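Here the structure is laid out as structure tokens; the discussion comes afterwards.
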Amino acid sequence: MLILLAFIIVFHITSAALLFISTIDNAWWVGKYFSTDVWTVCINITNCTVIDENNSEYQSVQAIQATMILSTILCCVAFLVFILQLFRLKQGERFVLTSTIQLLSCLCVMIAASIYTNRHEDLHRSNGYNSEVLSGQYGYSFILAWIAFAFTLISGVMYLVLRKRK
């Protein structure tokens with residue numbers, strides 16, 4: 001049981017780390033001389049511009065930003081709730097609250113990555129980007145967001161199935 005508990009804790013911390021990296025790092029859309037995420041556009045790594053309300057697709061960017069932040073916060077809250085429930089639940093009870101929060105985190109990261117997947121062409125054609133940004137490809141932060149979706153989904157289901165045992 002102790003090995004299973006250690007595995008679940010490591011899996012949850014890995015999910016949170018993936019969410020932090022994918023939210024913060026500047027590699028959602030990359031090219032030879034640029035990289036962009038949901039916060040900034042960097043040309044030649046030194047010339048970075050913040051995505052602001054002058055961008056015609058700013059509402060989509062804000063939705064992605066908000067859901068990624070919410071997903072990261074929910075994942076961290078789910079871990080704290082798990083630790084509290086670990087000591088407070090009676091034997092045989094399930095970690096339903098932890099599972100619910102983790103599945104909400106999963107839903108938020110899925111929404112953010114789906115919005116970006118659907119709107120990436122419009123986002124990169126808007127007036128806040130250079131013309132060369134269109135020729136990029138998905139970066140590792142975007143891929144990490146989808147991996148974090150899978151990890152939070154698996155983690156949420158594991159908490160739902162897990163019972164507190166001795």
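The values are calculated or read from the model by the stated rules, or taken from the named source; none is laboratory data. All figures in this text were calculated on a predicted structure; none of them were measured in a lab. So basically every Cβ, Gly included, is an ideal-geometry build from the backbone, and we count neighbours across all protein chains shown. Ligands, DNA and RNA are excluded from the accessible area calculation, which covers all protein heavy atoms including side chains. Shrake-Rupley method; radii C 1.70, N 1.55, O 1.52, S 1.80 Å.
Screening L74, L103, L107, L89 for residues that are at negative phi and at pLDDT below 95 leaves exactly one candidate, L89.
Please go through the stretch 80-93 and pick out each residue that is of a type outside the set (V, I, T) and either open to solvent by 50 Å² or more (accessible area, probe 1.4 Å) or more than 18 Å from A17 (Cα to Cα) (or both). Give the derivation first.
Within the stretch 80-93, the subset of a type outside the set (V, I, T) is 80, 82, 84-93.
Answer for the stretch 80-93, where residues must be of a type outside the set (V, I, T) and either open to solvent by 50 Å² or more (accessible area, probe 1.4 Å) or more than 18 Å from A17 (Cα to Cα) (or both): L80, L84, Q85, L86, F87, R88, L89, K90, Q91, G92, E93.
Kindly evaluate C48 against the criterion of being open to solvent by less than 30 Å² (accessible area, probe 1.4 Å), part of a strand (DSSP E or B), modelled with pLDDT under 85 and under 24 Å from I143 (Cβ atoms). No: the conditions fail for C48.
Are any residues in the stretch 127-166 closer than 30 Å to S56 by Cα, part of a helix (DSSP H, G or I), modelled with pLDDT under 90 and open to solvent by less than 30 Å² (accessible area, probe 1.4 Å), and if so, which ones?
Within the stretch 127-166, V133 is the sole residue that qualifies.
Return yes when F7 is in contact with a helix residue (DSSP H, G or I) (Cβ under 6 Å, 6 or more places away or on another chain), part of a helix (DSSP H, G or I) and either without any contact (Cβ under 8 Å) to a residue 24 or more places away in the chain or open to solvent by less than 10 Å² (accessible area, probe 1.4 Å) (or both) and no when it is not. Considered against the rule, which asks whether it is in contact with a helix residue (DSSP H, G or I) (Cβ under 6 Å, 6 or more places away or on another chain), part of a helix (DSSP H, G or I) and either without any contact (Cβ under 8 Å) to a residue 24 or more places away in the chain or open to solvent by less than 10 Å² (accessible area, probe 1.4 Å) (or both), F7 comes out as no.
Determine, yes or no, whether F20 is within 18 Å of L153 (Cα to Cα) and open to solvent by 80 Å² or more (accessible area, probe 1.4 Å).
Details: within 18 Å of L153 (Cα to Cα): yes; open to solvent by 80 Å² or more (accessible area, probe 1.4 Å): yes.
For F20, the condition - within 18 Å of L153 (Cα to Cα) and open to solvent by 80 Å² or more (accessible area, probe 1.4 Å) - is met.
Restricting the first member to the stretch 21-42 and to residues that are under 25 Å from L70 (Cβ atoms) and of a type in the set (F, W, Y), and the second to residues that are assigned to a strand (DSSP E or B) and open to solvent by 40 Å² or more (accessible area, probe 1.4 Å), the beta-carbon pairs closer than 9 Å and six or more apart or on different chains are W28/Y138; W29/Q137; W29/Y138; W39/V50. Scanning the stretch 57-67 for residues that are in a helix (DSSP H, G or I), open to solvent by less than 40 Å² (accessible area, probe 1.4 Å) and at pLDDT below 95 yields S60, V61, A63, I64, Q65.
When V38 is tested against (1) touching an Asp or Glu at 6+ places or on another chain (Cβ under 8 Å); (2) open to solvent by less than 30 Å² (accessible area, probe 1.4 Å); (3) in a loop (DSSP other than H, G, I, E, B), just one condition goes unmet, and that condition is (1). Scanning the stretch 59-76 for residues that are farther than 26 Å from L97 by Cα and without any contact (Cβ under 8 Å) to a residue 60 or more places away in the chain returns Q59, Q62.
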